[in-house]
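The values are calculated or read from the model by the stated rules, or taken from the named source; none is laboratory data. Quick caveat: nothing in here was measured; it's all calculated off a predicted structure. All Cβ positions, even for glycine, are placed from backbone atoms using ideal geometry, and neighbour counts span all protein chains on display. Side chains included, ligands, DNA and RNA excluded: accessible areas come from the protein's heavy atoms. Shrake-Rupley method; radii C 1.70, N 1.55, O 1.52, S 1.80 Å.
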Amino acid sequence: MIKIVQGDITTLAVDAIVNAANQVMLGGGGVDGAIHRAAGPELYEACLKVPEVRPGVRCPTGEARITPGFRLPAKFVIHTVGPVYRDGQHGEPEKLAACYRNSLALATENGCTSIAFPCISTGIYGYPKEAAAQIAVREVENFLTQRFREAEVAEVESGRARSPSAPPLEVIFCCFSSHGATIYEKLLS
Ligand code: AR6
């Protein structure tokens, strides 16, 4: 199931909210700053413990890492790093798509049944909102379709009504602005 919510992602009582982080993963501006403020200093401490894959990089662009949500209503924060937009010809669409795929995979691996995404890369990183939303919707729809098919196969194979390994997943696109929400409404209508 896909929903659009306009507002502040830090207020959502979902299993996981996604953070549009940077590679160092120790906070920043935009939604990252808002999430760190709302989660409290424990989130910074948890991020510090995420191992660096190389100096100054805890989460390479396109990948995702998970921490608890601490003082947030959300159980988990999934930190992902979107691409900095140049001209769309430097692998930005593929990297942005990977953010959505890897965040969704991490959420389901951790038993989440609801996840909320901000509009990754469309603030400080400058990705055009419409193009980014198209990628977000495509990746989420593909993921949910794939998951549904896998559940159907498991159902047939096990003879049960629903595979316990694949509970339904609710995906929320959380748009800070009404303009952002309108873009998603058009794409999903
Ligand atoms: N809830 C939901 N969406 C929000 C919120 C909020 N509280 N605050 C901002 N947005 P940005 P990026 C929207 O800049 O472009 C940080 O410094 C915002 O309107 O947060 O991926 C990181 O540390 C926009 O649509 O993330 C990185 O260095 C969207 O969230 C860098 O910025 C993303 O904007 C990442 O840049």
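Of all residues in the range 27-53 being among the hydrophobic types (A, V, I, L, M, F, W, C) and more than 15 Å from F70 (Cβ to Cβ), which is nearest to the chain's Cα centre (by Cα)?
Selected residue: V31.
Any chance you could count how many residues in the range 13-39 are touching a residue at least 60 places away in the same chain (Cβ under 8 Å), open to solvent by less than 50 Å² (accessible area, probe 1.4 Å) and near the ligand (Cβ under 9 Å from one of its atoms)?
Here the count works out to 7.
In the range 46-62, is there at least one residue being assigned to a strand (DSSP E or B), buried (at least 22 other Cβ atoms within 10 Å of the Cβ) and within 13 Å of the ligand (Cβ to nearest atom)?
No, the range 46-62 contains no residue that is assigned to a strand (DSSP E or B), buried (at least 22 other Cβ atoms within 10 Å of the Cβ) and within 13 Å of the ligand (Cβ to nearest atom).
What number of residues in the range 108-142 are of a type in the set (K, R) and farther than 13 Å from I183 by Cβ?
Result for the range 108-142: 1.
Per-residue answers, yes or no, for (1) open to solvent by 30 Å² or more (accessible area, probe 1.4 Å); (2) part of a loop (DSSP other than H, G, I, E, B):
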{"position": "P83", "(1), (2)": "no, yes"}
{"position": "A107", "(1), (2)": "no, no"}
{"position": "G126", "(1), (2)": "yes, yes"}
{"position": "V140", "(1), (2)": "no, no"}
{"position": "P167", "(1), (2)": "yes, yes"}
{"position": "I172", "(1), (2)": "no, no"}
